[in-house]
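Throughout, read-outs are computed from the coordinates displayed, never taken from laboratory work. Model, not experiment: these values are computed from the prediction. A quick note on method: Cβ atoms are made from the backbone with ideal geometry, for glycine too, and the neighbour counts reach across all protein chains shown.
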Amino acid sequence: MYLLPATYVDSDAEKIIAYTNDITKGIDNDLERAVALYYRIRDDIAYTPYVDYSDPNVYRASWTLETGIGFCMPKAALLAACARVLGIPARLGFADVKNHITTKRMREFVGSDIMPWHAYTELFLERKWIKATPAFNLELCQKFKIKPLEFDGREDSIFHPFTEEGEKHMEYIRDRGIYADVPLAMILETFKGLNPSAKISDFVKGDFAAEGEAES
């Protein structure tokens, strides 16, 4: 189940296979391959929450690879898809998080600073499951003055509770479970109830990094 292509973790997509093989060429063990994939996906794909969440394509690994942008879910799906290409079991984990440094616009859209269904990847390396969170690219971290997440393939890589300046950053408040693919129906049901007055059509464009820099 955690090795097979799926709707959103579409590890059978030709571009994902080529991307994976290019990144891991010449690397001869799974742990080092996973680490190489993590850093490339973290920084190759610019994080943005400004997408049309009603469009199923934005949750797909191949979509975020083709567009070069994505939020936590497709970036986690992309890492899982690339791992599966290499025969590394990979799955998706989800949690609700309280983001203490999100932008004003994002808070207004969601209706609070609690972000439901934050996604990360779990990789099976050296006989155990390891969490990896490739969501925030290095440039974004620098603008928001938060610590970039590192990954060594042996220890969990999840959001830091504090920023580099000691301010509260991210708090995990609810575990939503582990899945082989993005559970889109459940996610959309949650999103619909977040902020009924929000208009997704007004939210799909913007520069999240610039907003964070302006507010810091």
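The Cα-based radius of gyration of the stretch 1-58, divided by its Kirkwood radius, gives an Rg/Rh of 1.01.
In the structure shown, do any of K98/K145; K75/K192; K104/K147 have a Cα-Cα gap over 19 Å, and if so which? Let's see the in-between values first.
On the way: K98/K145 17 Å; K75/K192 22 Å; K104/K147 21 Å.
Checking Cα-Cα distances, K75/K192; K104/K147 exceed 19 Å.
Please report the net charge: other residues with Cβ closer than 14 Å to the Cβ of L184, K and R +1, D and E -1. Don't skip to the end; give the middle numbers.
Working: positive: R60, R176, K192; negative: D10, D52, D55, D181, E189.
Residues near L184 contribute -2 overall.
Round to the nearest 0.05 the FRET efficiency obtained for T7 and K104 when R0 = 45 Å and r is the Cβ-Cβ distance.
Numbers: r = 34 Å, r/R0 = 0.76.
It comes to 0.85.
Between W117 and A95, D96, V97, the built amide H atoms are under 5 Å apart, and every one of these is 5 or more places off in sequence or on another chain. Rounded to the nearest Å, what's the spacing between the alpha carbon centres of the stretch 10-38 and the stretch 137-158? Just the number, please. Each part's Cα centre sits 20 Å from the other's.
Counted by Cβ distance under 15 Å from G153, the other residues give a net charge of -2, where Lys and Arg count +1 and Asp and Glu count -1.
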